[in-house]
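**Student:** After the C-alpha cells below, expect a handful of questions from me.
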Amino acid sequence: MRKLLNSELGRKSIEQFREAEKSPFIIILDNVRSQSNVGSIFRTADAFVTEAIFLCGITSTPPHREIQKTALGATETVTWKYFPHTIDAVKNLKEKGVKPSIINALKYYIIYPKLWFLKTYFRHKGFIDGVPGFVFCLFSALRYWRIYYILITKPETTLSPEVLAS
C-alpha cells in the first residue's frame, strides 16, 4: 500500500471550501504549545468545514513548518485569526452576537468541577486528611463556577489573579 499524495485525497479546492456552507461553530485554541496539535486541529476543522479557528496566547500561528507539516494544506482553507488573550476572542464573539452555549455552561458548572475535585482529592490525598482535605478539594473545584460567571457577566474583564481573588 502506498502513501497518497495531497492531490489524490479528493479535498475541495480553496475556492470550493470558502463557498461551502460552514458548520456553525468556532474553535478557540488557548495557549496550545504543540505545533503538531495546532496543525491537527486545522486538519480537523477542514474536515468538518468549521467557520473559523481563533488562536490565542502562545499558540503558534501559520505559516510555521511544523503546523504546515501536520495540517496538510488546511491552513490555507480554514479561516483563522490570532488574539493575544483569550478574553479578546470571547469579546469578538460577543460583538458578533454569539451567545454562550449550554455546552460551555455544562462544562464549567458540572464537568470541570467534578474532574478537578477528583483530581485534587486523589493527587493531594484529601481522603487521608478527612474533612479538611474534602473541603480544600471542594472549594478548589468551585473556582470554575466563578470564572464562567465572570466571563458571562463582565466580558470586558480580563481574568487576572486580582479579579479572581476579589
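The values are calculated or read from the model by the stated rules, or taken from the named source; none is laboratory data. If you're wondering where the values come from, they're calculated on a predicted model, not measured in any experiment. Neighbour counts run over all protein chains shown; Cβ positions are idealised from the backbone, glycine included.
**Student:** Give the number of residues within the range 15-59 that are in contact with a helix residue (DSSP H, G or I) (Cβ under 7 Å, 6 or more places away or on another chain) and more than 30 Å from His85 (Cβ to Cβ).
**Tutor:** Residues that pass the stated criteria total 0.
**Student:** So, one more: Regarding Lys107, is this residue within 30 Å of Phe25 (Cβ to Cβ), at pLDDT 75 or above and not small (Gly, Ala, Ser)?
**Tutor:** Criteria not met by Lys107.
**Student:** Let me ask another. Checking the structure you have, find out if any residue of the range 45-53 is loosely packed, with under 15 Cβ neighbours inside 10 Å and in a helix (DSSP H, G or I).
**Tutor:** yes
**Student:** Taking the range 1-30 only, how many residues are outside any helix (DSSP H, G or I) and either closer than 20 Å to Thr50 by Cβ or at pLDDT below 75 (or both)?
**Tutor:** Selection size over the range 1-30: 16.
**Student:** Another one. Are any of the residues in the range 81-92 under 26 Å from Leu142 (Cβ atoms), over 14 Å from the mean Cα position of the chain (by Cα) and not assigned by TED's automatic domain parsing to the domain that holds Leu138?
**Tutor:** The answer is yes; a qualifying residue exists.
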